[in-house]
Amino acid sequence: MPPAPALSLGRPVRRGAPPSSVEAVRETDSDALVSRMHACEAGYLPLDEYAPLFLKPGHPHARRPPLISIGTYLRVQEVDRYVDTFLRTGSLTGTHPTQERVQIVSLGAGSDTRFWRMAARTPTLHRYVELDFPESVQSKMASIQHHAALSAPLGEVHTTPHSLTGDTYGLLGTDLRKLAQQPSEWAIIAELLNPAYPTLLLCECVLAYMDKEAADVLLTQCMQYGPRMSVLCYDMCIAGDAPHTEASPTRFGQVMLQNLRVRHLALPGARTCTTPNAYQARFEALARATEPSVPMRLTQGAYTLCASWRALPSAERERITRLERLDEVEELEMLLGHYCMAWVERSFMVQ
């Protein structure tokens, strides 16, 4: 069996002193940023003029293998599609444009550029809030303050040592593992939002790094904020597309965990939520538990990136495979089968 790429979809391990757990997680964001940049430059994705503005000086801008680039392409396309639909309709599955304000909270946002690429020009956007480690936020703040292309869309900006807010944008430094126990930090976030508006909680490759119990406490607190909440998640599923909510890692999943352990990434969340169905059941249970006595409408779904790949039009799959002459289709589908999209939407029904 071929070795599995790392979670960030692949970079050699640095030698020297081992990083702390926080540093190791933050490094995965830098890797993902470089992977996105290469996917854009190689033609998989449209050019992202904002991504290079967040690249740290001296960070290697290496090419990525086709397996990595196709995984990055599908990840970005899938998350972008849902975010775009939410911004336009107020729902992850909506079909009719809305005039109502909407808001997004991105957990562990890192170097993500979606606010600038997609949300900044959306007339219905009330607020786009990004949360991450204080060290990551300080780095992102420095990039925003240094580049007019990033700061201009924000309007009037206010900063503290670990936060930056604009007219519709908020960037706050916090430890997500402890946020639910930090009422002062949660109050700052709540002040930026309006509980009456549809709210999307974006969890892109973040829950795998958190203990399930701590993550569920955080997700529950977020879901209790307003009556119309959506959760969108992209993450690992180390048991592949097994139909069960509890399943052991596949051999491929075990190799992935071993590779990531070398990079000092324990991934407690990935070990306890191992299939797409497990994520779907988890989000549905959390949504129902927020107000169990209140009638609600729930919709949910989950699938692997392999399903996304196979659902592409044949002409698009052919274009993608020709860009860098992909030969390892079987290995690609094995890799894509160990990452998934999962989502839930909950709205309280008026009695």
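Laid out as a table, the results:
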quantity: Cβ-Cβ under 7 Å pairs, at least 6 apart or on other chains, the stretch 67-91 side touching a residue at least 12 places away in the same chain (Cβ under 8 Å) and more than 29 Å from Leu326 (Cβ to Cβ), far side among the hydrophobic types (A, V, I, L, M, F, W, C) and outside any helix (DSSP H, G or I); calculated: Phe86/Leu92; Phe86/Val102; Phe86/Leu200; Leu87/Val102; Leu87/Leu125; Gly90/Val102
quantity: Matching entry among Arg75, Arg117, Arg81, Arg121 (being under 27 Å from Val34 (Cβ atoms) and modelled with pLDDT under 95); calculated: Arg121
quantity: Condition check for Ser347: assigned to a helix (DSSP H, G or I), closer than 30 Å to Met229 by Cα and of a type in the set (S, T, N, Q); calculated: no
quantity: Residue list for the stretch 108-136, filter: surrounded by fewer than 18 Cβ atoms within 10 Å (Cβ to Cβ) and over 24 Å from Gln77 (Cα atoms); calculated: Pro134, Glu135
quantity: Count - residues of the stretch 1-28 that are surrounded by 21 or more Cβ atoms within 10 Å (Cβ to Cβ), at pLDDT 85 or above and either in contact with a Leu (Cβ under 6 Å, 6 or more places away or on another chain) or within 30 Å of Glu316 (Cβ to Cβ) (or both); calculated: 1
quantity: Leu202 in a helix (DSSP H, G or I), under 16 Å from the mean Cα position of the chain (by Cα) and under 24 Å from Arg26 (Cβ atoms); calculated: no
quantity: Which numbered condition Glu49 misses (of (1) more than 26 Å from Met141 (Cα to Cα); (2) touching a residue at least 60 places away in the same chain (Cβ under 8 Å); (3) surrounded by fewer than 21 Cβ atoms within 10 Å (Cβ to Cβ)); calculated: (1)
quantity: Residue in the stretch 95-112 that is part of a helix (DSSP H, G or I), in contact (Cβ under 8 Å) with a residue 12 or more places away in the chain and basic (Lys, Arg) present; calculated: no
quantity: Qualifying residue in the stretch 137-148 (condition: touching a residue at least 12 places away in the same chain (Cβ under 8 Å), within 22 Å of Leu201 (Cβ to Cβ), of a type outside the set (Val, Ile, Thr) and surrounded by 14 or more Cβ atoms within 10 Å (Cβ to Cβ)); calculated: yes
quantity: Helices (runs of 4 or more DSSP H) fully within the stretch 231-335 counting 2 or more residues that are among the aromatic types (Phe, Trp, Tyr) and within 23 Å of the chain's Cα centre (by Cα); calculated: 276-290
quantity: Hits in the stretch 196-248 (condition: over 21 Å from Thr299 (Cα atoms) and among the basic types (Lys, Arg)); calculated: Lys212
quantity: Contacts under 7 angstrom Cβ, first residue in the stretch 213-226 being among the β-branched types (Val, Ile, Thr), partner in a helix (DSSP H, G or I), 6 or more apart; calculated: Val217/Ala180; Thr220/Leu286; Thr220/Ala289; Thr220/Thr290
quantity: Answer residue from the stretch 122-135, given it is part of a loop (DSSP other than H, G, I, E, B) and in contact (Cβ under 8 Å) with a residue 24 or more places away in the chain and is nearest to Leu176 (Cα to Cα) among those; calculated: Phe133
quantity: Cβ pairs under 7 Å, 6+ apart, first in the stretch 150-161 and more than 15 Å from Thr122 (Cα to Cα) and among the aliphatic types (A, V, I, L, M), second assigned to a helix (DSSP H, G or I) and modelled with pLDDT of 95 or more; calculated: Leu150/Leu53; Leu150/Trp116; Leu150/Ser143; Leu150/Ile144; Val157/Ser151
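The values are calculated or read from the model by the stated rules, or taken from the named source; none is laboratory data. Since this is a predicted model, take the numbers as computed values, not measurements. Every residue, glycine as well, gets a Cβ built from its backbone with ideal geometry; the counts of neighbours run over all protein chains shown.
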